[in-house]
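J.: What follows is a structure written as structure tokens; I'll ask about it next.
What follows is calculated from the coordinates using simple rules that are stated; it is not laboratory data. As the structure is a prediction and not an experimental result, all values here were calculated from the model. Cβ coordinates were reconstructed from backbone atoms using ideal geometry, including for glycine residues, and neighbour counts include every protein chain displayed.
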Amino acid sequence: MNGGAIVARILQEAGTSFLFTLVGGHISPILVESRKAGIRVLDVRHEATAVFAADAVARLTGSVGVAAVTAGPGVTNTITALKNAQMAHSPVLLLGGAAATLLKGRGALQDIDHMSLVAPIVKWADSVTKLRDLPEKLRTAMEKARAGVPGPVFLEIPIDLLYDESVVREWTQQSLPKSHSVASKAMRWYVERHLENQFRGGAEGDLSGPNEPEMLPLDDKRLARVAGILESAKRPVLVASNQVLNQPGLAEETAAAIRLLGIPTWLTGGARGLLGRHDPIQFRHKRKEALKEADVVILAGVPHDFRLGYGRQVSSKARVISVNLSFDELTRNRWPDAGFVADPGVFLRHLAKLKPKGATHWSDWLEQVEKRDSQREEAIVKEASEPCRMLNPLRLAMDFEEELAKDSILVADGGDFVASMSYVVRPRNPLSWLDPGPFGTLGVGAGFALGAKLVHPEADVWALFGDGSFGYSLMEFDTFVRHKIPVIALIGNDASWAQIARDQVEILHDDVATVLNRSDYHKSVEGLGAVGLEIKTQQDTTKVLKEAVKQARAGHPVAINVHLCASDFRKGSISV
């Protein structure tokens, strides 16, 4: 059994269904053996897409998403995607090819020090030097990815550990000197000893899959004290992030717990959709005002970073109860009054069992929050009715919201357009909204959409792109066509990096580097074999959206090029 077969065997036993890759000679045995083992191998057009796809699979399933890339530039091309996974707490395993062990540091093709680049942005990184160590190190990698604070891990596997021993010996013999000099004999002896040590033991290591990570325990007495704090609260607020979905299979139970608590709730990032399209305790607007007025704030997986004004958005008089998988995030910028290093979903489910009995007086607070939320909705509807030469982005968002099917999954990849859509579009279900997370990465769209459609082939998967961010994903329509992945891209085309341009022009009086062409993106995907559609006016919207769904359900990837007017809806929205 060669190293490629060992990798495939362990991935298979761990329940891995998909392996994302961009092919390279260093890793070919992993891909070949994985396909033999029944793992679906999906080759993409950029290594970052492979990691983003693995990230999406991890978020939607709770299992480890797996990608394999070749050495050198194959690994360096994944750096942004790995960092994004780290900041979003996604358990991803990256397998990186490497130069042969005998050639390390001698100028071999694509031989670089992967560890110094990758180690700072992953939970765990290691390299295999002997075939017998491969099973244990691979199993350790998968365990590390899921344990505690989930995140990406990296395992480097040199090329000579992946091919059959006979092939490696043949390659090595071809490069050895043939003379009978003492130096030549010494070199041949050294190489032979190296090969014997490298392959000794073969695949005798444990090939079993990863163990289930242990969940952090919760202190019942401290939970009871939190329940008491809530019982005396008059204006409580709950803000929840994707950490509440750390166990995707328990999403409905977590949603039920939040409803039982009855606290006015704002969902952020990947938690959007947890409470469905409409829920009387879920609010979408005016969160900042509610946090300033709240007397108790529960932060479920939400740090005091730029999204909460580094702690300044929450009233200094409020009692802050924070639960986070990460101690660093729990205490960043502001210490909580009560802090729990634990799974936020577990915390909320346990807390709901201790539901305070005196919470009926929250009705006035709920009414106050709902009134502000409704006023903001009315203002958005008014702005959406403002006419323009092409299409008002808010009007598009409202039409899209009405057409969106119940089981749809939304992928967010963009700045101004996607953020505007998020004010209006309501994800229907838990785990139906995928965005980059706090790193704010552009370019996640194709990979996230690929992973989402594979995990939920029956769902309509929509990737919402700005015209700027679509540049990162355009070529992956070739991937979608080749692998028959019928996702739909909705491209908000305003010929601008609008989120930056709006403030840059006002403050610096220069639009340098912010102007794009109003390109025919729908025609570009047609050249790759996909279906291209176009929307230029509001009258076209419903018809084209329906046609896109029809084409996707018939098995065709689709891109819709939507020509938008410039908008000041999100003026002053740059985060720093």
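J.: In bins 10 Å wide, starting from 0, what share of all Cα pairs of the range 436-521 does each bin hold, as a percent?
T.: 16, 41, 28, 11, 3
J.: Near D364, within a Cβ-to-Cβ distance under 10 Å, what is the net charge of the other residues, with Lys and Arg +1 and Asp and Glu -1?
T.: Neighbour charge sum, excluding D364 itself: +1.
J.: Let me ask something additional. To one decimal place, what Kirkwood hydrodynamic radius in Å is obtained for the range 385-563 from all pairs of distinct Cα atoms?
T.: 16.2
J.: Okay, next question. Could you work out the relative contact order of the chain? I mean the mean sequence separation of Cα pairs under 8 Å and 6+ apart, divided by the number of residues, in percent.
T.: Relative contact order here is 12 percent.
J.: Follow-up. Return the calculated 222 nm mean residue ellipticity for the chain, to the nearest 500 deg cm²/dmol, obtained by summing -39500 (n - 2.57) across DSSP H runs with n ≥ 4 and dividing by the residue count. Kindly include the intermediate steps, with their values, before the conclusion.
T.: Numbers: 23 runs with 239 residues, N = 576.
Per the formula, -12500 deg cm²/dmol.
J.: For the range 455-511, which GluC sites (Glu not before Pro) pass both filters: DSSP loop (anything but H, G, I, E, B) and at most 16 other C-beta atoms within 10 Å?
T.: E458
J.: Oh, and also: What percent does the relative contact order of the range 367-523 come to when contacts are Cα pairs within less than 8 Å and at least six residues apart?
T.: 19
J.: While we're here: Quick check: from the Cα gyration tensor, does the range 220-371 come out rounded (a/c under 1.5), prolate or oblate?
T.: Details: a/c = 1.13, a/b = 1.03, b/c = 1.10.
In terms of gyration-tensor shape, rounded.
J.: Can you list the HN-Hα couplings for the range 500-508, worked out from phi with the Karplus curve (6.51, -1.76, 1.60; θ = phi - 60°), rounded to whole Hz and with x for Gly and Pro?
T.: Each residue's phi maps through the Karplus curve to give 7, 4, 4, 8, 4, 5, 5, 7, 9 Hz.
J.: How charged is the neighbourhood of A384? Take every other residue with its Cβ under 11 Å from the Cβ of A384, and add Lys/Arg as +1 and Asp/Glu as -1.
T.: Surrounding charge for A384 is -4.
J.: Further question: Note down the net charge around L22, summing +1 for each Lys or Arg and -1 for each Asp or Glu among other residues with Cβ under 14 Å from its Cβ.
T.: Details: positive: R45, R482; negative: D43, E47, E476, D478.
Value of the local net charge: -2.
J.: Under 14 Å from a point 7 Å along the Cα-to-Cβ line of S17: which residues of the range 459-483 have their amide N that close?
T.: 459
J.: Given a cut-off of 16 Å, what percent of all Cα-Cα pairs of the range 475-530 lie beyond it?
T.: Above the 16 Å cut-off, the range 475-530 has 55 percent of its Cα pairs.
J.: To the nearest 10 degrees, how steep is helix 393-403 against the longest Cα principal axis of the chain, on a 0 to 90 scale?
T.: 80
J.: Which entry is the computed Rg and Dmax of the Cα atoms in Å for this structure: (1) 28.5, 114; (2) 26.0, 94; (3) 32.4, 102?
T.: Matching the structure shown: (2).
J.: Let me ask something additional. Points 7 angstrom from Cα along the Cβ direction at D364 and A513: gap in nanometres?
T.: In this crude label model, D364 to A513 measures out at 5.3 nm.
J.: Set the Förster distance to 56 Å, then compute FRET efficiency between D279 and D164 from the Cβ-Cβ distance, nearest 0.05.
T.: Approximately 0.45, to the nearest 0.05.
J.: If you don't mind, another one. Pick out, in residue order, every one of the GluC sites (Glu not before Pro) in the range 350-446 that is DSSP loop and has at most 15 other C-beta atoms within 10 Å; say none if there are none.
T.: Hits after loop and neighbour filter: nothing returned.
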